[in-house]
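Presented below is the structure to which this report refers.
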Amino acid sequence: MSADATAPLAPLAVVTGAARGIGRAVAERLHQEGYRLALLDREAGEVESLAATLSADGPVARAYAPDMRAIAAVGDAFAALARDLGTPDALVNSAGIYPDVSAIDMREEDWDVVLDVNLKGTFFACQAFARLRRDAGGGGAIVNLASTAAFSARAGAVHYAASKGGVVMLTKGLALEWRDLGIRVNAVAPGLIEVREGQVSGAYRQQFLTMIPSGRIGVPADISGVVAFLLSPDAAFMNAECVVVDGGFLAGRPLQRAGTPNPAAS
């Protein structure tokens, strides 16, 4: 028997929302770190293309396209990926949506779709992962994608803020409940992230730049590195935490610098 046949398999990570944006960046970063990947996204064609690209240059990646809002579909996807690849070691929940709707005009379906994808889908994936880890003897790590909107709401997206606030508390509750399984559960709360060039432009961009001490808008790689760290042995004593990655946005709002005139006082 060859040495390759007897070597242990590389760790397996499940990434939801893997076809685009932060989820794609996480998948690419974990692939670079040597993980095998199970990539979940409702955009079947895009996630299959990503899986094929990654598999051609490193550890295997497989694609699955469940409806994250449906517990049965999520359960079936996890059962399939476990059959195909084995029990996963890590889970990153990046699937999410962010539609703008004013609270006074919001319909029930507007509210439901955001809570279903962002919060219910995250829970369903966590539950399916934990059941597989329990059957394998425990252990493993989860990272859920929250948002600075969990701590600083914005008009026009109250349903999104509610869903991400729920993700933060879900993370803490699951870490407490699954301590005896040895599953670490943490979250990352990104600030404003530009997932494609030119996405944030004009006066809106300039307004945000004045509120970010780091002086720039984030990119997906700013988040994927933190996610990789939280899954790693270096983060073994981190649990039930929500790591904010926002360039300092939540620190506060700048006033005029000392010595500059205050227009409001004139």
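The values are calculated or read from the model by the stated rules, or taken from the named source; none is laboratory data. Every value quoted in this text rests on a predicted model; they were computed, and no experiment measured them. Glycine gets a Cβ as well: all are built from the backbone with ideal geometry, and neighbour counts include every protein chain shown.
Among the residues of region 130-158, count how many are closer than 23 Å to GLY252 by Cα, among the aliphatic types (A, V, I, L, M) and either free of Cβ contacts under 8 Å to residues at least 60 places away in the same chain or not in a strand (DSSP E or B) (or both). Step through it out loud before you land on a result.
Filtering region 130-158 down to residues closer than 23 Å to GLY252 by Cα leaves 145-158.
Then keep just the ones that are among the aliphatic types (A, V, I, L, M); that gives 145-146, 149-150, 153, 155, 157-158.
After this cut, where a residue has to be either free of Cβ contacts under 8 Å to residues at least 60 places away in the same chain or not in a strand (DSSP E or B) (or both) as well, the list is 146, 149-150, 153, 155, 157-158.
Selection size over region 130-158: 7.
Among the numbered criteria (1) surrounded by fewer than 17 Cβ atoms within 10 Å (Cβ to Cβ); (2) within 18 Å of the chain's Cα centre (by Cα); (3) of a type outside the set (Lys, Arg), which single criterion is violated by GLN207?
(2)
Go through region 159-202 and give me each residue that's among the charged types (D, E, K, R), surrounded by fewer than 20 Cβ atoms within 10 Å (Cβ to Cβ) and not in a loop (DSSP other than H, G, I, E, B).
LYS172, GLU177, ARG179, ASP180 - these are the residues of region 159-202 that are among the charged types (D, E, K, R), surrounded by fewer than 20 Cβ atoms within 10 Å (Cβ to Cβ) and not in a loop (DSSP other than H, G, I, E, B).
Please note which helices (runs of 4 or more DSSP H) are completely contained in region 1-120 and include at least 2 residues that are of a type in the set (Lys, Arg), in contact with a helix residue (DSSP H, G or I) (Cβ under 8 Å, 6 or more places away or on another chain) and within 18 Å of SER224 (Cα to Cα).
Those helices (runs of 4 or more DSSP H) span 21-32.
Evaluate the following for ARG184: is it within 20 Å of ASP89 (Cα to Cα) and either of a type in the set (D, E, K, R) or touching a His at 6+ places or on another chain (Cβ under 9 Å) (or both)?
So ARG184 passes the test.
Test THR87 against the criterion of being buried (at least 21 other Cβ atoms within 10 Å of the Cβ) and either among the aliphatic types (A, V, I, L, M) or at pLDDT 95 or above (or both), and give yes or no.
On the way: buried (at least 21 other Cβ atoms within 10 Å of the Cβ): no; either among the aliphatic types (A, V, I, L, M) or at pLDDT 95 or above (or both): yes.
When the stated conditions are applied, THR87 does not pass them.
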